[in-house]
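Below is one structure, written out as structure tokens; the observations come after it.
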Amino acid sequence: MIRPANAQKTGKVTIRRDGAHSMRLLIWARFGILFAGVALFFSIVGILSVGVLVEVFAISFLLGLLVGLIGVVSNKGTMVESVCFDYDNHQVVVGHTNMRNQHSETVIPYGSFHFRTQESYRLNDFGWEIHGRCKLYEHYEKKAVLVYDCLGWEECHRKRIERELEGFFIEQRM
């Protein structure tokens, strides 16, 4: 008989990130870093090549604002506060926070839920390390991304989430 390993499990398992800082603060910090980096880069390049300060600063400001907003808005799926495995209602509930500190939930029924995990790896040329990730999907639409060792998701959270996700694999019984 083929069935998921967690088919008989009941109750709820909620896993929340631990963080000294609120998600809202971390989101605004990401925006600020992207904004300042791009604006500073284009200001230096513009001053060295053109020499006109007012136009260079205005263009640099706008480019920094655009890149900062795109960087934060495009990573909406990583703003995860909690993941709840609701075995009674057969759904996964992901809690999110946005830049305005508004909380929302994404509900993924078990029938359309799947996930992909990726271990951390290094980009050899630069020595940067990309942390492990767990991507949660509803059908083929990505709903959330947990980035471990970042934004308050620690190693203990990774182990707990992986332990819960193991139950979604189909196991063969004969």
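The values are calculated or read from the model by the stated rules, or taken from the named source; none is laboratory data. Everything numeric here is computed off the predicted structure, so don't read it as measured data. Cβ atoms come from the backbone with ideal geometry, glycine included; neighbour counts cover every protein chain shown. Each accessible area value is taken on the protein alone, full model and side chains, heavy atoms only, with ligands, DNA and RNA left out. Shrake-Rupley method; radii C 1.70, N 1.55, O 1.52, S 1.80 Å.
Points to keep in mind about this one:
- Pick from the stretch 79-115, criterion outside any strand (DSSP E or B) and among the aromatic types (Phe, Trp, Tyr), ranking: least open to solvent (accessible area, probe 1.4 Å): Tyr87
- Hits in the stretch 11-25 (condition: within 19 Å of Lys159 (Cα to Cα), in contact with a strand residue (DSSP E or B) (Cβ under 6 Å, 6 or more places away or on another chain) and either modelled with pLDDT under 75 or in a helix (DSSP H, G or I) (or both)): none
- Cβ-Cβ under 6 Å pairs, at least 6 apart or on other chains, the stretch 98-113 side touching a residue at least 12 places away in the same chain (Cβ under 8 Å), far side of a type in the set (A, V, I, L, M): Met99/Ile27; Glu105/Val93; Thr106/Val94; Val107/Val93; Ile108/Val92; Phe113/Val92
- Strands (runs of 3 or more DSSP E) fully within the stretch 133-174 counting 3 or more residues that are at pLDDT 85 or above and out of contact with any strand residue (DSSP E or B) (no Cβ under 9 Å at 6 or more places or on another chain): none
- For the criterion of being modelled with pLDDT of 80 or more, over 28 Å from Glu105 (Cβ atoms) and not acidic (Asp, Glu), Phe42 fails.
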